[in-house]
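Engineer: Input: one structure, supplied below.
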Amino acid sequence: MSCRAGETFDAARALADIEELLAGPVPATGPTAAEGDPETGEWTATGGEGFRVVPLWEGDPLTGVYAPEWNDAEDAAEAHLAALVGELDRRWGPHRAVPLHLPLLSRQEGAPVEPLFGALFDEDLYGDLSVWGPVGGTDRWVGVSVGHSDGDAPLVLAALVSTSPVTAPDER
């Protein structure tokens, strides 16, 4: 499981990466820790108590890109996400939308947020989650999202697996 910046999106590979993530180990305890490629420093995964998050696809950097190319890049990333969500809906049934605006506002106000949400925000993944779970006869939840940090950063499509339900704070 590894994505490189600027690669063409491959839905079959993204689905295989999600299946690998679902079947793979998830830390039972411990602090949240991000991992990076030793050669490039690119983010490769984040793990924390009961979850793991990985990038599935990363677009080109948007340095010096303005509308309409900017809009095209956002539209392409959203289309990749929609295609992936559609396929996962066919496999696991309809997803639930988990909005991240409340935990993001809490974090911006200095309040603590769940470690999973903190891990997403640390990697600039602010987009709402599409979540299924538990899936595939397991006790695990899967989510996908797309986001980026600022105008120059590439858009990133990421997936997560969690051993606990993934819900918005107002859903509890």
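The values are calculated or read from the model by the stated rules, or taken from the named source; none is laboratory data. All values derive from a computational prediction rather than experimental measurement. Glycine also receives a Cβ, built like all others from the backbone with ideal geometry; neighbour counts cover every protein chain displayed. We work out accessible area using only protein heavy atoms, side chains counted, and drop any ligands, DNA or RNA first. Shrake-Rupley method; radii C 1.70, N 1.55, O 1.52, S 1.80 Å.
Engineer: Going by the conditions given, is residue 160 out of contact with any Asp or Glu (no Cβ under 7 Å at 6 or more places or on another chain), of a type in the set (A, V, I, L, M) and buried (at least 20 other Cβ atoms within 10 Å of the Cβ)? Walk me through how you get there before you give the answer.
Structural biologist: On the way: out of contact with any Asp or Glu (no Cβ under 7 Å at 6 or more places or on another chain): yes; of a type in the set (A, V, I, L, M): yes; buried (at least 20 other Cβ atoms within 10 Å of the Cβ): yes.
The answer is yes for residue 160.
Engineer: Looking for whichever is surrounded by fewer than 20 Cβ atoms within 10 Å (Cβ to Cβ) and without any contact (Cβ under 8 Å) to a residue 24 or more places away in the chain here; the options are 124, 75. Which one fits? Outline the logic, then answer.
Structural biologist: Details: 124 fails: without any contact (Cβ under 8 Å) to a residue 24 or more places away in the chain.
It is 75.
Conditions tested, residue by residue: (1) modelled with pLDDT of 95 or more; (2) on the phi < 0 side of the Ramachandran plot; (3) hydroxyl-bearing (Ser, Thr, Tyr).
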{"position": "30", "(1), (2), (3)": "no, no, no"}
{"position": "49", "(1), (2), (3)": "yes, yes, no"}
{"position": "63", "(1), (2), (3)": "no, yes, yes"}
{"position": "72", "(1), (2), (3)": "no, yes, no"}
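Engineer: Quick one: in region 127-153, of everything that is within 19 Å of residue 61 (Cβ to Cβ) and surrounded by 18 or more Cβ atoms within 10 Å (Cβ to Cβ), which residue is modelled with the lowest pLDDT?
Structural biologist: Let us first name the residues in region 127-153 that are within 19 Å of residue 61 (Cβ to Cβ), namely 127, 146-153.
Next cut, surrounded by 18 or more Cβ atoms within 10 Å (Cβ to Cβ) only: 127, 146-148.
On the way: 127: 92, 146: 95, 147: 89, 148: 80.
Step by step, filter region 127-153, then rank; the result is 148.
Engineer: If only one of 112, 94 is open to solvent by 90 Å² or more (accessible area, probe 1.4 Å), without any contact (Cβ under 8 Å) to a residue 12 or more places away in the chain, within 23 Å of residue 22 (Cα to Cα) and not aromatic (Phe, Trp, Tyr), which one is it? Write out each step before concluding.
Structural biologist: Values: 112 fails: within 23 Å of residue 22 (Cα to Cα).
Being open to solvent by 90 Å² or more (accessible area, probe 1.4 Å), without any contact (Cβ under 8 Å) to a residue 12 or more places away in the chain, within 23 Å of residue 22 (Cα to Cα) and not aromatic (Phe, Trp, Tyr) holds for just one of 112, 94, which is 94.
Engineer: Moving on to the next point. Looking at region 48-64, I want the residues that are without any contact (Cβ under 8 Å) to a residue 60 or more places away in the chain and have a partner that is outside any strand (DSSP E or B) and open to solvent by less than 10 Å² (accessible area, probe 1.4 Å) with Cβ atoms under 6 Å, at least 6 apart or on another chain. Which pairs are those?
Structural biologist: Note: no pairs meet the criteria.
Table: residues versus (1) open to solvent by less than 40 Å² (accessible area, probe 1.4 Å); (2) touching a Lys or Arg at 6+ places or on another chain (Cβ under 7 Å); (3) modelled with pLDDT of 90 or more.
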residue: 3; (1), (2), (3): yes, no, no
residue: 10; (1), (2), (3): no, no, yes
residue: 26; (1), (2), (3): yes, yes, yes
residue: 35; (1), (2), (3): no, no, yes
residue: 67; (1), (2), (3): no, no, no
